[in-house]
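To start, the structure under review is shown below, and the notes come after it.
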Amino acid sequence: MKKSVLSIMLVLDTLMASAKGLVPAYLRCEYKESPVTDARHPRLSWELSAAENNQVQTAYQILVASSVENLTETNADLWNSGKTAGRSTAQIEYAGKPLTSRKVCYWIVRSWDKNGIAGQWSRPSQWEMGLLDKSEWKGQWIGLDLDRLGKGKVYHLPPAPYLRKEVTIRNGLKKARLYVTALGLYEFSVNGKRTGDAFLTPGWTDYDKRVYYQTYDVTADLKAGNNALASQLSYGWYAGYLGYSLLVKNPVVRGFYGKVPLLKAQLEVEYADGKTETFVTDQTWKASQGALLESDLLNGETYDARLEQAGWNVAGFDDSRWKNPQVFPDKTERKMQVYPGPPVKITQMLKVVSRKDRGNGTYIFDMGQNYAGIVRLRVRGRVGDTIRLRFGEKLHPDGRLMTENLRMARATDTYILKGDPAGEIWEPKFTFHGFQYVEVTGLRNAPTDETLTGLAIGSDTPKVGAFETDNAMVNQLYSNIDWTQRANYVDIPTDCPQRDERIGWTGDAQVYVKSATFNRDVASFFTKWVVDLNDGQYENGAYPLYAPRPNLRKTDTFSPGWMEAGIICPYQIYRSYGDTRMIRDGWADMVRFMNFLDERSKGTYLFKENSFADIDPKGGFGDWLSFGKKTPPDLLASFYYAYCADLMAEMAAATGNAKDQQRFSETGSKVREAIRAHYVDQQGRFKCDDKAYGNGAGYVDGALGFTGHTQTAYANAIYMDIIDPADRVKAGAYLAELLKENDGKLGTGFLGAKPLLPALSATGHSDLAYKLFLSKEFPSWGFEVENGSTTIWERWDSFTKEDGFKYNAAMNSFSHYAFGAVCEWMFGNAAGIVMTKPGFETFDIRPEIAPDGMGNNGINHLKASVRTINGTIASEWNKFDGKLTMKVIVPVNTQARIHVPVSGGAKVLLNGETLSRELFSLADNNKNYKVVEVGSGVHEFIVTH
Ligand code: RAM
């Protein structure tokens, strides 16, 4: 009886659910929810869910209207796409009426399922258009030159300007938008309330070419009568210290784009009677200085609360003693655009884990996690008490704060109390540090855990990935990878967040970009940075060492392995998100880069030894931080040449550009041929003319000598498909052999570490890949974890329990994501999530099961998931009692080929039934797979013998 009621209910449930059909949600525009954009044809996307398995979308319809009420088929006044056949749920370009500045657009979508049944309309979402023409900016650049007030011996840090203006708003306010930007950094407030919650606005660009702005809806913050607009500025990337320029004694160490930070803002209000009014930055504003005495990204902030001008940011303040600001001219060629990336935000609060009294009024707080950000200080004391906060990633063995590795970055915040008996709370606004430990001095009373609160900052890239196993080391490693990404994806992808560097190194970015896509949604983050890359391209077509590209050191130009980021990053964004707009927008620049390679190779389609002897360091950075004999940088440059040509050919095809597709596939084969002729010996081994490098002087680690027969060479050749498929297995064997000769240890640097495990897996050496992955011996990922890491380090042995800090004061970052590129293998091989069509429209699940017999050091359970632009994919496997189970989640509207690892005579159950839909059996990687093609749903497998 009970049972039949249950089944009737189940039947009813499914009926009701299927009646609903496909359900669209997570509506986004230009990768964001309810954004402001200046894309004239913004791209829309949504996610689908369905109550039944195997569902796909066969058509969709989008309505866009000027109001939510008009979102009906007959009233949609901007766009009615009509029923449009197709499975796409992303990258759908708005194709309605031309959009004008400030337009607020509301939209809904519905989808038809595989049975042709229309689902319900989604909930409405919206986007808003920014200012599409620069001439709509009426505000001027205003600033206050306080430069002469910088007085430090080493650091010239002038106070930060304050700007204000009162405006009168009439009765009947309907809508108000504030458009703001700065050359430098700004924080803005309306009637004392901060606008938005973004940090480090408006971000770093090549300010001569473009500057981004933010748009705030301030309707609710204004009132009839007098209103105060107020802004604090800081020097930031525009006018502050940058990178290692001070360290390397560059003639310019700060103010790379200008000396005086400038504000540009306009407040546009609309009244109920249809009238509008615009208030802009101009000479009538008032300017002064205040409590913020020093403010610099690398060097920290000094805030003297005694100098606060109470009420400066609210209406009615007496600013008669304030000056009028100076108006600065604009550059006509400078573009003003909507910030395309995810805003930098405070993404997490951290509590103090422990604190130590070091005597003499010095305390050290442990935040428990190395992160990028700031701390909020809570103190009570007397007027003039001075609290100094210093930041470090590590402690010396004797408990002192270790700051040597910050080099010239002062990374110190100072707060001077006003003596408020109720206590004082302060946090810096325009700086951040990379740290785990904070040294505090100057406290009047013994601190508590509440004295500090950690505030992690970073570009607010939505978390999409999860990776979990029954191996604690691996779980910690995954946490380390994600934290390092968060600490370094701060407006641009930086190398490290702590020392005097923090620049957008292209090599680091290109080796890591694919890994990044598994952890966070980085689509809009790279939409921003790829523009910086193109802006940073040299006249000759080379992409720079870092982007944006201030002149931090005269000799900084370009390098093989770094410059290719200009091709690899857009390519990866295309693969991960199906984004072809980035390809189209950057195509001319990317082609210029390929022309540069062609010209450099002098028509030989090869880079022979010494082809890059004219750059500094000679040959470029090569396999940076590798061990042993060096892989010739020219060999790697040639590999990258072929690889870039392939990616270009694929991107040309994706954008229907047959001519360029042909050009670049031909380039790809010519480079391969040339490599084979010059760099490969009779036995299929990589070789080089090491004599050509002489004693190696000028080359990175050139004294160690050069050879083509390295782990890095084979790993890259396999990964980039440089060698004939027939020789692949041989290359894999050489790689395995080289590992064996090296005591089973990796010797790879920045360029070799990423492809190493994927190359082993691809050539049947999954067991070796696992061995490296699970190793805890130097050099390995596990070694860092064993030595207490909470982030990925620049060097495997940046710190060891035995030897402490070997490389300090030179180059020893504890938050450097480059070696975190193993993440690609974790998701792509261990969990086996392999994209077969851009955006994961189709994919393979092909897990490599960890070898048995490793006890606690092995993996018996692994579960990974990633929320793609086509929905969430999950892959899980368990080994126990000689049985293997797998669970795979395939999102609605996608197709997966699931590879079930079996060995002879195994029996496979799919969702409890003997596998009968098996497509084919594959024998590769010394493993047999049974392959089954499935649509959406949860699919569980049990493999028994
Ligand atoms: C270091 C950076 C970066 C690397 C360059 C070559 O200083 O930290 O990681 O790409 O050098």
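The values are calculated or read from the model by the stated rules, or taken from the named source; none is laboratory data. As the structure is a prediction and not an experimental result, all values here were calculated from the model. A quick note on method: Cβ atoms are made from the backbone with ideal geometry, for glycine too, and the neighbour counts reach across all protein chains shown.
Residues checked against (1) under 22 Å from K754 (Cβ atoms); (2) within 16 Å of the ligand (Cβ to nearest atom):
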{"position": "G566", "(1), (2)": "yes, yes"}
{"position": "P570", "(1), (2)": "yes, no"}
{"position": "G578", "(1), (2)": "no, no"}
{"position": "D585", "(1), (2)": "no, no"}
{"position": "M590", "(1), (2)": "yes, no"}
{"position": "F596", "(1), (2)": "no, no"}
{"position": "F607", "(1), (2)": "yes, no"}
{"position": "S611", "(1), (2)": "no, no"}
{"position": "D614", "(1), (2)": "no, no"}
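Before we move on, is P560 modelled with pLDDT of 95 or more and within 15 Å of the ligand (Cβ to nearest atom)? Show your work before the answer.
Numbers: modelled with pLDDT of 95 or more: yes; within 15 Å of the ligand (Cβ to nearest atom): yes.
So P560 fits the description; yes.
Which ranges mark the helices (runs of 4 or more DSSP H) fully within region 698-793 that have 2 or more residues being in the same structural domain as R685 (by TED's automatic domain parsing), in contact (Cβ under 8 Å) with a residue 12 or more places away in the chain and more than 26 Å from the chain's Cα centre (by Cα)? Steps first, please.
Details: elements: 711-719, 725-741, 750-762, 766-774, 781-786.
In region 698-793, the matching helices (runs of 4 or more DSSP H) lie at 711-719, 725-741, 750-762, 766-774.
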Just to be sure I understand, how many residues within region 479-493 are within 14 Å of the ligand (Cβ to nearest atom) and either surrounded by fewer than 24 Cβ atoms within 10 Å (Cβ to Cβ) or within 15 Å of F435 (Cβ to Cβ) (or both)? 3
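Mind listing just one residue for me: the one in region 241-263 that is small (G, A, S) and more than 16 Å from the ligand (Cβ to nearest atom) and, of those, nearest to D330 (Cα to Cα)? Spell out the reasoning first.
Pass one, region 241-263, residues small (G, A, S): 243, 245, 255, 258.
Now drop any that are not more than 16 Å from the ligand (Cβ to nearest atom), which leaves 255, 258.
Details: G255: 17, G258: 12 Å.
Top of the filtered list is G258.
Quick grid of which residues meet (1) touching a strand residue (DSSP E or B) at 6+ places or on another chain (Cβ under 9 Å); (2) touching a residue at least 24 places away in the same chain (Cβ under 8 Å):
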| residue | (1), (2) |
| --- | --- |
| D589 | no, yes |
| G603 | no, no |
| N610 | yes, yes |
| I615 | no, yes |
| L647 | no, yes |
| A653 | no, no |
| G656 | no, no |
| Q661 | no, no |
| V671 | no, yes |
List the strands (runs of 3 or more DSSP E) that sit entirely inside region 125-177 and contain at least 1 residues that are among the small types (G, A, S) and under 19 Å from L293 (Cβ atoms). 141-143
What number of residues in region 320-348 are surrounded by fewer than 18 Cβ atoms within 10 Å (Cβ to Cβ) and either among the polar types (S, T, N, Q) or farther than 25 Å from D521 by Cα (or both)? 15
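Okay, residues lined up against (1) crowded, with 24+ Cβ neighbours inside 10 Å; (2) closer than 22 Å to G788 by Cα:
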site	(1), (2)
G373	yes, yes
R376	no, no
I387	no, no
R390	no, yes
P397	no, yes
N405	yes, yes
R410	no, no
I416	no, no
Just to be sure I understand, how many residues within region 260-275 are of a type in the set (D, E, K, R), surrounded by 17 or more Cβ atoms within 10 Å (Cβ to Cβ) and more than 14 Å from T219 (Cα to Cα)? 1
In region 753-768, residues that are more than 26 Å from E802 (Cα to Cα), of a type in the set (A, V, I, L, M, F, W, C) and buried (at least 24 other Cβ atoms within 10 Å of the Cβ) total 4
Please work out if Y770 is more than 16 Å from the ligand (Cβ to nearest atom) and among the hydroxyl-bearing types (S, T, Y). yes
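Which members of region 231-253 meet the condition of being assigned to a strand (DSSP E or B) and either among the hydroxyl-bearing types (S, T, Y) or surrounded by fewer than 23 Cβ atoms within 10 Å (Cβ to Cβ) (or both)? Spell out how you get there, then give the answer.
Kept after step one, since they are assigned to a strand (DSSP E or B), are these residues of region 231-253: 231-234, 241.
The answer is S231, S234, Y241.
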State all residues of region 792-830 that are within 13 Å of the ligand (Cβ to nearest atom) and of a type in the set (S, T, N, Q); if no residue qualifies, say none. S798, N812, S813, S815
Only one of these is out of contact with any helix residue (DSSP H, G or I) (no Cβ under 7 Å at 6 or more places or on another chain) and closer than 23 Å to F467 by Cβ: W505, W483. Name it. W483
Determine whether region 196-218 contains at least one residue that is small (G, A, S), in a strand (DSSP E or B) and surrounded by fewer than 20 Cβ atoms within 10 Å (Cβ to Cβ). no
Subset of region 276-285, residues buried (at least 22 other Cβ atoms within 10 Å of the Cβ) and not in a loop (DSSP other than H, G, I, E, B), comes to F279
What strands (runs of 3 or more DSSP E) completely inside region 823-912 contain at least 1 residues that are without any contact (Cβ under 8 Å) to a residue 60 or more places away in the chain and more than 28 Å from Q476 (Cα to Cα)? 842-845, 895-902, 907-910
Would you confirm whether or not region 898-913 contains a residue that is more than 36 Å from the chain's Cα centre (by Cα), surrounded by fewer than 16 Cβ atoms within 10 Å (Cβ to Cβ), polar (S, T, N, Q) and under 22 Å from G764 (Cβ atoms)? yes
Restricting attention to region 616-635, and to residues there that are within 16 Å of the ligand (Cβ to nearest atom) and more than 25 Å from the chain's Cα centre (by Cα), which single residue is farthest from G752 (Cα to Cα)? D616
